[in-house]
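See below for the structure under consideration.
The values are calculated or read from the model by the stated rules, or taken from the named source; none is laboratory data. If you're wondering where the values come from, they're calculated on a predicted model, not measured in any experiment. Note that each Cβ is placed from the backbone with ideal geometry, even for glycine, and that neighbours are counted across all protein chains shown.
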Amino acid sequence: SSFEFWPTVTLHFPFIQKVEVQSIRITCTVSSRFAHTVMSSKALNKENSSQEIFFEVELPKMAFITNFSMEIDGQVYVGEVKEKESAKEQYEKAVSSGKTAGLVKASGRKMEMFSVSVNIAAQSSVSFILIYEELLQRTLGSYEILIRVKVEQPVQEFQIEADIYEPQGIAFVEASATFLTNELIPLIEKTVTDTKAHISFSPTVEQQQKCPGCKGSLINGDFIIKYDVKRATSLGEVQAVNGYFVHFFSPPDLARVPKNVVYVIDTSGSMHGAKIEQTRESMVAILQDLHEEDHFGILLFERKISYWKDYLTKATKRNVSDAIDYVKKIQDSGSTNINSAILDAVSLLKKERKEKKVPERSMDMIFLLTDGMPNRVTSPQLIQQNVFSAIGGIMSLFCLGFGNDVDYSFLDVMCRQNKGVARRIFEGSDAAIQLKGFYEEVSSPLLLEVDLRYSENTDFLTKTHYSQLFNGSEIVVAGQLKENDVENFSVEVFAHGASVADWQTVYPEKGYIFGDFIERMWAYLTIQQQLENRLVHGEIFLGNIEAKALNLSLKYNFVTPLTSLVVTKPENENGADRSFIADKPGALHLRSGPSEPQAPGPDKRPPRSEPVCTWTPIPRHKEPPTHRYLRESATGRGSGGRWR
């Protein structure tokens, strides 16, 4: 997960230079992976006439805006989160008048764009503050805060600041930037103690300049903070504050589970050119990453389906080398028979499992790479139903949607229904890197069918069952403690896999954390998982899920697909209504997927960017043995743990 801010001064016309961006401040506070980010900026209209100024911020798609305000000549205008339907009339009025200044919409690979405009009188200033929150996700062994900055002109007050507090202990913190020069490197200040880290970057106007007296700024690129927590001697960490708890589960030093994987590769005509070349390149790297205890197969599909071998092959050096020679010769032609390709891959894995040609304790996986719409069996709902019925909950499906034309929502729902995830791969020079990066995230399972069971003094738990835990990732469960009863808290973890380690419980320092962060983390996770559950399971859950998610969104002031941010701005010169609505995109009313059959159980997984401040003044199978880890209590007096 990443936070990306992109403060930008955009100069379209000479007179726009009369608007001066006086300050840009980005502050990120992370407490136990839960990030609270404040983006603030101030601008002065130096012109002798009023100017319309746009404030735009790109934020992570998984983040929820929690507050927005602006101050104009000493008067503060604060946004209010309302039920989407209750704001509908205002929204439609704004649309009909062409004054939808406030908007949150998809933007680029991983982003949503928040935008608002305001009319500023001559010689007046305006300040904007946007706040949003997100749970950082652990990927490939670290958490990442990515701050994208693009400042075209030096700013009098420019600062990036991050405070990280991890009571479990901080293992490492790294801070860097793509735009650093030898003069700027020393300006990154980093202070790290056992549980806290402070990072800041605050260049002066002169240090931002490309050259002495130049108007251009060096601050153009990515500011990146990566860190991880200490987990060398623990199977997990429990934190409890004010009647809520959060459990982080990421066992260290577990042996990876062997995988049996079928790579299902689209070789239809639309893959011609760069796509097929990048597919060859990424498949070479993916095959080289296989471990010798893995088994794999390769299936190519267009109108017809062809196999490298009609059985799974052990990933010996010789077999991997032969497979690499094979994928280097992949050619494109024909149409896109996704339905038959996936069903054939499922049959192959089932056959190998039935004939006991793969390890009993191993994970069955399908990786589908496609760039287009299915055009043999063309109904996405029918394909989803066929795949769901064939897989039957005994293997995982991962999809990589290549390019802008792919029906990504179709792939996304299909993967979620089958214990997997989808990822859109954007066309570009780095497409092969994107492919390999996603594969690395999910290619090393450590535990399968992870079931976390909590004591009876807990309630309103977030998702407690995960199909797999991958190397470098983390499971997070939050819930309420009845009567704030910490002493009698306990947890059992059932999973396919085995290890022995100690357990630890940590209580955050209340003087450092920001308020009710565990409670807000619980609400955040609950809403995300309820909305995802609605997407996967369809209309049958609609009313109940939407009611719960809406109530929590309003209670905690989150802008979600069920709520809108309403801001009333100063009247314009004509006295017209200047309210605007900021809506968060959501798939709640754009469903793709079968109504029958439903995916088994309420499997609610929260599914990740790049933020911007743009000032633009303009004129107006058979189950392996189950093991479980037992712990006595959350008081720290437990006797360690045992897997059974």
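Among residues belonging to region 229-253 that are under 30 Å from Ile286 (Cα atoms) and surrounded by fewer than 19 Cβ atoms within 10 Å (Cβ to Cβ), point out the one that is modelled with the highest pLDDT. So that I can check it myself, show each step before the final result.
Kept after step one, since they are under 30 Å from Ile286 (Cα atoms), are these residues of region 229-253: 229-232, 235, 248-253.
In the following step, the residues that additionally are surrounded by fewer than 19 Cβ atoms within 10 Å (Cβ to Cβ) were identified as 230, 232, 252-253.
Values: Lys230: 91, Ala232: 68, Pro252: 80, Asp253: 78.
Looking at residues that are under 30 Å from Ile286 (Cα atoms) and surrounded by fewer than 19 Cβ atoms within 10 Å (Cβ to Cβ), I get Lys230.
Could you tell me whether region 483-492 includes any residue that is in contact with a Phe, Trp or Tyr (Cβ under 7 Å, 6 or more places away or on another chain), buried (at least 21 other Cβ atoms within 10 Å of the Cβ), at pLDDT 90 or above and not aromatic (Phe, Trp, Tyr)? No, every residue in region 483-492 fails to be in contact with a Phe, Trp or Tyr (Cβ under 7 Å, 6 or more places away or on another chain), buried (at least 21 other Cβ atoms within 10 Å of the Cβ), at pLDDT 90 or above and not aromatic (Phe, Trp, Tyr). For Leu382, are the conditions met, namely being surrounded by 16 or more Cβ atoms within 10 Å (Cβ to Cβ), hydrophobic (A, V, I, L, M, F, W, C), modelled with pLDDT of 90 or more and within 20 Å of Leu411 (Cβ to Cβ)? No; evaluated as a whole, the condition is false for this residue.
Considering only region 256-270, state which residues are not in a strand (DSSP E or B) and not aliphatic (A, V, I, L, M). Quick ask: steps written out before the conclusion?
To start, the set of residues in region 256-270 that are not in a strand (DSSP E or B) comprises 256-258, 267-270.
If the condition is that a residue be not in a strand (DSSP E or B) and not aliphatic (A, V, I, L, M), then Arg256, Pro258, Thr267, Ser268, Gly269, Ser270 are the ones that fit.
Of all residues in region 429-464, those satisfying the criterion of being within 29 Å of Pro258 (Cβ to Cβ) and part of a loop (DSSP other than H, G, I, E, B) are Ser443, Ser444, Lys463, Thr464.
For region 382-428, enumerate the residues that are outside any helix (DSSP H, G or I), polar (S, T, N, Q) and either within 20 Å of Ser268 (Cα to Cα) or out of contact with any Phe, Trp or Tyr (no Cβ under 6 Å at 6 or more places or on another chain) (or both). Steps first, answer last, please.
Residues of region 382-428 outside any helix (DSSP H, G or I): 392-407, 417-428.
Next, from what is left, pick out any that are polar (S, T, N, Q): 396, 404, 417-418.
Result: Ser396, Asn404, Asn418.
Which residue out of Leu448, Leu411 is at pLDDT 90 or above, surrounded by 21 or more Cβ atoms within 10 Å (Cβ to Cβ) and more than 25 Å from Lys548 (Cβ to Cβ)? The match here is Leu411. Ile324 meets each of the listed conditions (1) under 30 Å from Pro258 (Cβ atoms); (2) surrounded by fewer than 16 Cβ atoms within 10 Å (Cβ to Cβ) apart from (2).
Could you list all residues from region 166-190 that are among the charged types (D, E, K, R) and surrounded by 16 or more Cβ atoms within 10 Å (Cβ to Cβ)? First the steps, then the outcome.
Going through region 166-190, the residues among the charged types (D, E, K, R) turn out to be 166, 174, 183, 189-190.
Once the filter is applied, which keeps residues that are among the charged types (D, E, K, R) and surrounded by 16 or more Cβ atoms within 10 Å (Cβ to Cβ), region 166-190 yields only Glu166.
When the test is whether a residue is under 30 Å from Leu452 (Cβ atoms) and in a loop (DSSP other than H, G, I, E, B), Asp253 passes it. Are there any strands (runs of 3 or more DSSP E) wholly within region 1-60 with 3 or more residues that are at pLDDT 90 or above, and if so which? Of the strands (runs of 3 or more DSSP E) lying wholly inside region 1-60, those with at least 3 residues that are at pLDDT 90 or above span 19-31, 34-45.
So how many residues does region 237-258 have that are touching a strand residue (DSSP E or B) at 6+ places or on another chain (Cβ under 9 Å) and closer than 30 Å to Glu292 by Cα? So the answer is 9.
Table: residues versus (1) assigned to a strand (DSSP E or B); (2) among the polar types (S, T, N, Q); (3) touching an Asp or Glu at 6+ places or on another chain (Cβ under 9 Å); (4) more than 15 Å from Arg25 (Cβ to Cβ).
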position	(1), (2), (3), (4)
Val116	yes, no, yes, yes
Gln123	no, yes, yes, yes
Ile131	yes, no, no, no
Tyr143	yes, no, yes, yes
Arg148	yes, no, yes, yes
Ile160	yes, no, no, no
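Here Gly479, Gly420, Gly428 are screened, and the one residue that is modelled with pLDDT of 90 or more and either over 17 Å from the mean Cα position of the chain (by Cα) or under 25 Å from Ser32 (Cβ atoms) (or both) is Gly479.
Within region 61-79, track down each residue that is under 29 Å from Pro154 (Cβ atoms), part of a loop (DSSP other than H, G, I, E, B) and of a type in the set (A, V, I, L, M). Listed by number, the list holds a single entry, Ala63.
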